[in-house]
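Below you'll find the structure, written out as structure tokens, and then a few comments.
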Amino acid sequence: MKKILALLMSVGIIGFFVACGDSKTESNNGEKVYTIKFAHVVSAGSPKGKAADLFAKRAEELSNGKIKVEVFPSAQLVDDDKVFQELKRNNIQMAAPSFSKFTPIVKEFNLWDVPFIFRDNEHLHNVMDGEVGQILKDKIAQKGFIALDYWDAGFKQFSTNKNPIVLPSDAKGQKIRIMSSKVLEEQMKAIGANPQNINFGEVYSALQTGVVDGAENPLSNLYNSRFYEVQKSVTITNHGYLGYLVVASEKFWNELPDDLKAVVKQALDEATKFEREESARDEAVLLANLQKYAQDNADKLTIYTLDDDQKKQWQEVMVAIYPKFYDLIGEDLIKKTLETE
């Protein structure tokens, strides 16, 4: 009996991925309908989730039904650790992994982790949509993926249970959780902190039990994962950035007619504009919610915001370590980013 069940499960799984890989079907009137399976790992209610749904709606409308987009949020279909192999196999046709997932295949993507390299959202988006962003897309294309648009997750803030991290020297000796990144390791070492690479799902308990003292996160992670409940202070530093790149399966893209490629790009342009605006709105709401929590729980949480002099001190410390990233990212790419208007 067990062997029969195992065989049925195996057949079911194989059938599932074969179905995923078939991105074309026939409509009732004999026209081809191209199905796009769009996988992502966040909730449908997040800015990325809402933008994916908008893209699905607009792609179908603009193509008069020739494109059908099925969105799979919350890692329902595949998580980001396996997303590239499934894109290669055309089991999924589109995804929006975080920048950190690209660094193992394109080392120059470490650029997005460089601290204090982006002056504000306008500068960030000009970099994304300009020469630097295109250079990085081209490098992704060389790896066999179609790089489309950049989406926002947000700027990162520091939180801690020890001394509030307002000046660089405040971080000395503190154990700070980071994502796996050579750039982030150097960032922490530059301010005297001890970088700790811990999986995101373990961060809350690590902060709660003192395995780490603090972390760096965009407000979406900080608030929605309730890290503020187990931290004594949050400093609004905007020192680093997290984002996503929407990519497509090269096999699927090459099979898509040119007129429908134009439709996908137009629908994605609309979704990208929406996602960035929604991300900014979401961040403002989350900050207000966090400030309200701090007001109501003044004995538990304090929020700090850098003034111009404090921010200048951070920038001086961080800019001094940029040469350490030249071999990894490229001196020219870093300078082009800084020089972008």
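Listed values, structure above:
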| quantity | calculated |
| --- | --- |
| With DNA, RNA and ligands ignored, accessible area of residue 285 (1.4 Å probe; Å², nearest 10) | 80 |
| About the Cα centre, charge dipole magnitude for segment 34-339 (Lys/Arg +1, Asp/Glu -1 at Cβ), debye | 640 |
| Estimated FRET transfer efficiency when R0 is 30 angstrom, pair residue 309-residue 139 (beta carbons, to 0.05) | 0.20 |
| Net charge contributed by nearby residues that have their C-beta within less than 15 Å of residue 98 (K/R +1, D/E -1) | -4 |
| Apportionment of accessible area to carbon and sulfur, the chain, percent (1.4 Å) | 50 |
| Segment 233-341, accessible area per residue, ligands and nucleic acids excluded (1.4 Å, Å²) | 51 |
| Over segment 170-235, volume per residue of the alpha carbon convex hull, in Å³ | 81 |
| For segment 34-339, convex hull of alpha carbons as volume per residue, Å³ | 121 |
| Solvent accessible area, Å² - residue 107, 1.4 Å probe, full protein context | 90 |
| In degrees, nearest ten, helix 258-296 long axis to first principal axis of the chain (Cα) | 30 |
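The values are calculated or read from the model by the stated rules, or taken from the named source; none is laboratory data. Keep in mind it's a predicted model, so treat the numbers as computed, not measured. Positions of Cβ are backbone-derived with ideal geometry, glycine not excepted, and every protein chain shown enters the neighbour counts. For the accessible areas, the whole protein counts, side chains as well, though only heavy atoms, and no ligand, DNA or RNA atoms are used. Shrake-Rupley method; radii C 1.70, N 1.55, O 1.52, S 1.80 Å.
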